[in-house]
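> Got a structure for you, written out below as structure tokens; questions coming shortly.
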Amino acid sequence: MLFRSVEGPITSVYRWHDGVETSAEWRCTCKTLPDLRDRCLTAIVAGHDYEIPQIVIAELSASDAYAAWVRASVSGA
């Protein structure tokens, strides 16, 4: 399991094939544990209609209390 925050719509401008595209998109920040990362990535790719969705992975530090909450929340404990 994971938790996410969604921002948007935001305007994205990017090169795709032979042109420049502009589209409305939503930015999702997912919170999960390192051992659940592959399940998270699989879910994102499966539910996304882009050929190459932007997926950026950042391992972050958090306060002990917040890290414990995320760990308990995503592990189902």
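> Using only protein heavy atoms and a 1.4 Å probe, report how much of residue 11 is accessible, in Å² to the nearest 10.
For residue 11, solvent-accessible area is about 110 Å².
> State log₁₀ I(q)/I(0) for the chain at q = 0.17, 0.18 Å⁻¹ as given by the Debye formula over alpha-carbon point scatterers of equal weight, solvent excluded.
Listed by q, the Debye log ratios stand at -0.78, -0.85.
> Relative contact order, percent, of the chain when contacts are C-alpha pairs under 8 Å separated by at least 6 residues?
Answer for the chain is 34 percent.
> Grab the other residues whose beta carbon is less than 15 angstrom from that of residue 56, score K and R as +1, D and E as -1, and report the net.
Spelling it out: positives minus negatives among the neighbours equals +1.
> Using 1/(1 + (r/R0)^6) with R0 = 30 angstrom and r between the beta carbons of residue 26 and residue 64, what's the FRET efficiency to the nearest 0.05?
0.45
> Taking the chain as the reference, fit the longest principal axis to its C-alpha atoms, fit the long axis of helix 37-46 to the helix C-alpha atoms, and give the angle between the two in degrees, 0 to 90, nearest 10.
With both axes taken from Cα atoms, the answer is about 30 degrees.
> How far is helix 64-75 tilted off the main Cα axis of the chain, in degrees rounded to 10, range 0 to 90?
That helix lies at roughly 80 degrees to the long axis.
> With a cap of 13 neighbouring Cβ atoms within 10 Å, and only residues DSSP puts in a loop, list the chymotrypsin sites (Phe, Trp or Tyr not before Pro) found in the range 12-77.
Passing both the DSSP loop test and the Cβ count: 50.
> How large is the charge dipole for the range 33-77, taken about the Cα centre, if only the Cβ atoms of Lys, Arg (+1) and Asp, Glu (-1) carry charge, to the nearest 20 debye?
My answer is approximately 140 debye.
The values are calculated or read from the model by the stated rules, or taken from the named source; none is laboratory data. Note that the structure is predicted; figures quoted are calculated from it, not measured. Virtual Cβ from ideal backbone geometry, glycine too; neighbours counted across all protein chains shown. Each accessible area value is taken on the protein alone, full model and side chains, heavy atoms only, with ligands, DNA and RNA left out. Shrake-Rupley method; radii C 1.70, N 1.55, O 1.52, S 1.80 Å.
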